[in-house]
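First comes the structure, then the notes that go with it.
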Amino acid sequence: MNDEILDWGIAELHRRLEAREVSTVEVIDAYQEQIEIQEPEIGAFLTLDLDAARSTATAQDTRRSRGETLGRMAGVPVALKDNLCTTAFPTTAASRILEGWIPPYNATVVDRLADQDGIVLGKTNLDEFAMGSSTENSAYKITKNPYDLERVPGGSSGGSAAAVASRMALVGLGSDTGGSIRQPAALTGIVGFKPTYGRVSRYGLLAFASSLDQIGPLTASVEDAALVAECIMGHDPRDATSLQEASPLLLGALTEGVRGIRVGIVTNLVEIASPSIQAALLRAADALAQAGALISEISIDELAFGLAAYYVVAPAEASSNLARYDGVRYGLREPGATVEEMMIATRTKGFGPEVKRRIMLGTYALSAGYYDAFYVTAQRVRSLVRSAFDRAYESVDLLLTPTSPTTAFRIGERSADPVEMYRSDICTIPSNLSGDPALSVPAGADPDGLPIGVQLLGPPRSEQLLFRGAYAVEEGLR
Amino acid sequence: MTKQIDQADVAHIAKLARLSLSDQELREYEDTLSRILEVIEVMNSGDLSAYPPMDHPLETVNLLRDDAVQQGLDREVVLGMAPSSEEDYFRVPRILGAP
């Protein structure tokens, strides 16, 4: 029975709960058993509170037995990336500088999931402050890829991805600044969705690069991603950058199909991917064609500049955002004779090497004499990328690319070389620069059995079409 | 190839960022930051003058809301998170140099 429970998507879970074939407590018990088996090997979580999850489940069963209608996430076990503020759990961003810190409020997405009766099991591991592509930059632990324990789960939302992929949670939330939802989703064989910038409130997300960050779901299926996205999208007065318009309905649109939809394969991003990923992408394109989509090839050479611009813009914003960790108001404080010495000692001890590297890179890019050469040039590249996408979307409706040029790499393989690590995100970064929605959907495995993801991109606010495309790929490859 | 930045640059940046680096870290960051800056150099290979600087994906500016009083965080809660506080204030070491 327990194993069967873990196979259910959200819709199936709800049918069974409604039919009283299973209780919410039994669902939580099944996930607890799975966590007891998997977590010692995978290491996806930084904190877990299954007792609290069970109490919530008990309360939900009582409410159901009284005839109450529960929310859209009722009984769904959720894993939250540990850069989302929670009053019920410490929130560390996998950094020593926030060890043990308990925020005074919940992130808006956390409240929205709770309003829909989602049940949070715990907080998941990440690269410190979401800076990385492998989750190896966590100050606390290394998370393993469930498909090969010697390999990384990707990052920075590697804990949420590994938790969902190993069925320790049904839904994970992550954040995506340069691919941090999509790349780990691809490397662990699940679905990862980055909404249009502004669709989801960033209130209570520990800021990394504010003009790029966006929260989104990691799930086993496109349908589950659509449901979770519907629950968390929508205007929030507490985030001035959240879009003031109605969010698209995704779940109902899934089965509308892709007949007549024009999909462009981005050849210059396909060329840099490994042969097995290229083959998987062609299978995904074929699945779309079988469903009636019109497939063409397109080269968007401007995207090659994206990586360079990203590694100016993201560190620049990070150096500013992380200035707040100064030992004064919350988090770590190291002693010092003066306030400046205290701040230096605190930041030196509290931040890990990659975070320091990015703070320094951003500080340099913003410093006197370099601002125009680096930051303003990078902002011009953002415009270039934006207009290149706009031009592409004059001839196609969606774009198809690999999510990552490679499948999961070995632990330690790229951690010594930051430039090599940065290249992991070459296919995902452009959508963050432009603010467009993007989604990674599983597309088989390489000869070693490691999962492959393909990425669908669409113009701003095109989530409905994006999900129709992703659903067609999922169905076609099933 | 000459490095994009040297150890003196790294030390200066670290000072601006309120970080203290060991000699070994200075060497390591000199190397990795130089290599990252080489990657970033790609940006300068084309003429970008036709593309205005874009600092944000959204075109909205100056969103306003009603000037209504709202409940903020409790002072006690906020001060309770601080490493050190006294009465209604955050407490820090002396701001000017030692006497």
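Bear in mind these aren't lab numbers, they're just calculated from the coordinates by the rules spelled out. Remember, it's a predicted structure, so these values are computed and weren't measured experimentally. Don't worry about glycine lacking a Cβ; one is built from the backbone with ideal geometry, like all the others, and counts go over all protein chains shown.
For the range A:155-305, the antiparallel share of DSSP beta bridges with both residues in that region comes to about 65%. Alpha-carbon geometry of the range A:365-447: the Rg and the Dmax are 16.3, 51 Å, given in that order.
Projecting label points 7 angstrom from Cα along Cα→Cβ for A:Ser320 and A:Glu18 puts them 4.8 nm apart. For the range A:231-262 versus the range A:407-468, the spacing of their alpha-carbon centroids is 21 Å. Per residue, the convex hull spanned by the Cα atoms of chain A measures out at 137 cubic angstrom.
Sort out for me the Cα centre separation of the range A:6-28 from the range A:148-223, rounded to whole Å. What the calculation gives is 24 Å, centre to centre.
Taking every alpha-carbon pair within chain B, the share separated by more than 21 Å comes to 70 percent.
Beyond 25 Å, how much of the Cα-Cα pair distribution for the range A:264-415 remains, as a whole percent? Here the long-distance tail beyond 25 Å is 53 percent of all Cα pairs in the range A:264-415. Using the Karplus relation 6.51 cos²θ - 1.76 cosθ + 1.60 with θ = phi - 60°, the per-residue 3J(HN,Hα) values for the range A:449-466 come to x, 8, x, 10, x, 10, 10, 9, 10, x, x, x, 6, 9, 3, 4, 5, 4 Hz, with x marking Gly and Pro. When both bridge partners sit in the range A:71-221, DSSP labels roughly 55% of those beta bridges antiparallel.
Residues whose amide H falls under 5 Å from that of A:Leu294, counting only those 5 or more places apart or on a different chain, are A:Gly260, A:Ile261, A:Arg262, A:Val263, with hydrogens built in the peptide plane.
Taking label points 7 Å from Cα along the Cα-to-Cβ direction, A:Val376 and B:Ser49 give a separation of 1.3 nm. Taking amide H atoms as placed 1.01 Å from N in the peptide plane, the amide H of A:Ile119 lies under 5 Å from those of A:Gly75, A:Val76, A:Val78, each 5 or more residues away in sequence or on another chain. Whole-Hz Karplus values for the range A:433-440 come out as 5, 8, x, 7, x, 7, 9, 9 Hz, taken residue by residue from phi with 6.51 cos²θ - 1.76 cosθ + 1.60 and θ = phi - 60°; glycine and proline positions read x. Counting only DSSP beta bridges with both residues in the protein assembly as shown, what percent are antiparallel, rounded to the nearest 5? About 65 percent, rounded to the nearest 5.
Per-peptide packing, taken as the mean over residues of other Cβ atoms within 10 Å, places A:436-444, A:262-270 in the sequence A:436-444, A:262-270 from highest down. Since only A:Ala472, A:Ser296, B:Val78 are under comparison, the one whose Cα sits farthest along the positive direction of the charge dipole of the protein assembly as shown, derived from C-beta charges on Lys, Arg, Asp and Glu, is B:Val78. In this simple spin-label model, placing a label point 7 Å from the Cα along the Cα-to-Cβ direction at both A:Thr62 and A:Ser395 gives a separation of 6.3 nm.
Estimated from helices alone, the mean residue ellipticity of the protein assembly as shown at 222 nm is -12000 deg cm²/dmol (sum of -39500 (n - 2.57) over DSSP H runs with n ≥ 4, per residue). Look at the stretch B:86-95: the mean tally of other chain Cβ atoms within 10 Å of its residues' Cβ atoms is 4. Computed on chain A, with alpha-carbon pairs under 8 angstrom and 6+ residues apart, the relative contact order is 17 percent. Ordered by the number of other Cβ atoms lying within 10 Å of each residue's own Cβ, fewest first, B:Asp66, A:Asp301 fall into the sequence B:Asp66, A:Asp301.
Can you tell me how much longer the chain between B:Asp31 and B:Glu86 gets when fully stretched, taken as 0.36 nm per residue apart minus their C-alpha distance, in nm with one decimal? Stretched out fully, the B:Asp31 to B:Glu86 stretch lengthens by 15.4 nm.
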